[in-house]
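The values are calculated or read from the model by the stated rules, or taken from the named source; none is laboratory data. What you see is a predicted model, and the numbers here were worked out from it, not measured in a lab. Every residue, glycine as well, gets a Cβ built from its backbone with ideal geometry; the counts of neighbours run over all protein chains shown.
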2 protein chains.
Amino acid sequence: MAGALQFEIEETVGVISTNKSGWKRELNLVSWNGRPAKFDLRDWAPDHSKMGKGLTFTNDELDQLRQILNEMLTN
Amino acid sequence: MAGALQFEIEETVGVISTNKSGWKRELNLVSWNGRPAKFDLRDWAPDHSKMGKGLTFTNDELDQLRQILNEMLTN
């Protein structure tokens, strides 16, 4: 790695699940290395002390994902 | 790695985005190593010849994600 990854969770939009170890899958607005915040879907250890796998999304991607999920799932 | 990862894309539920290189971010139903298929949100090269980062979801997680996105975004 070329150095420490800096991040700031500016907002937790929602928590998708919590596993037995207390890790949570969250949708957050995250600023990486001081850049403008992006939506980020990722697994986090309690207190955000460690991060797991995740994906970053543009606003358009999130809206497209929402539409796909709404077409697939019923209320 | 302990061996080749086997997968079968049983259904492409939707395409979220396509980048300049032709990679697509897709929501699929994927069977990993012959196990029952799970929902999988992941980046894929054209023709699914290579896979990128991604996350696997339970049905409950996808529904929770849908509710979070619907609360956040308007039509």
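Taking the stated definitions as given, is B:Asn19 within 13 Å of chain A (Cβ to nearest Cβ), within 25 Å of A:Gly14 (Cβ to Cβ) and either free of Cβ contacts under 8 Å to residues at least 40 places away in the same chain or surrounded by fewer than 17 Cβ atoms within 10 Å (Cβ to Cβ) (or both)?
no
With the condition kept exactly as written, say whether any residue in the range A:47-67 is more than 7 Å from chain B (Cβ to nearest Cβ), of a type in the set (Asp, Glu) and surrounded by 14 or more Cβ atoms within 10 Å (Cβ to Cβ).
No: zero hits.
Please work out which one of (1) assigned to a loop (DSSP other than H, G, I, E, B); (2) in contact (Cβ under 8 Å) with a residue 12 or more places away in the chain is the condition A:Leu41 fails and give its number.
With (1) assigned to a loop (DSSP other than H, G, I, E, B); (2) in contact (Cβ under 8 Å) with a residue 12 or more places away in the chain applied to A:Leu41, the lone miss is (1).
Given the condition at the interface with chain A (Cβ under 7 Å from one of its Cβ atoms), under 26 Å from A:Glu11 (Cβ atoms) and exposed (fewer than 14 other Cβ atoms within 10 Å of the Cβ), answer yes or no: does some residue in the range B:25-34 qualify?
No: the range B:25-34 contains no residue that is at the interface with chain A (Cβ under 7 Å from one of its Cβ atoms), under 26 Å from A:Glu11 (Cβ atoms) and exposed (fewer than 14 other Cβ atoms within 10 Å of the Cβ).
Could you list, in sequence order, all residues of the range B:23-58 that are modelled with pLDDT under 95 and of a type in the set (Asp, Glu)?
Within the range B:23-58, B:Asp47 is the sole residue that qualifies.
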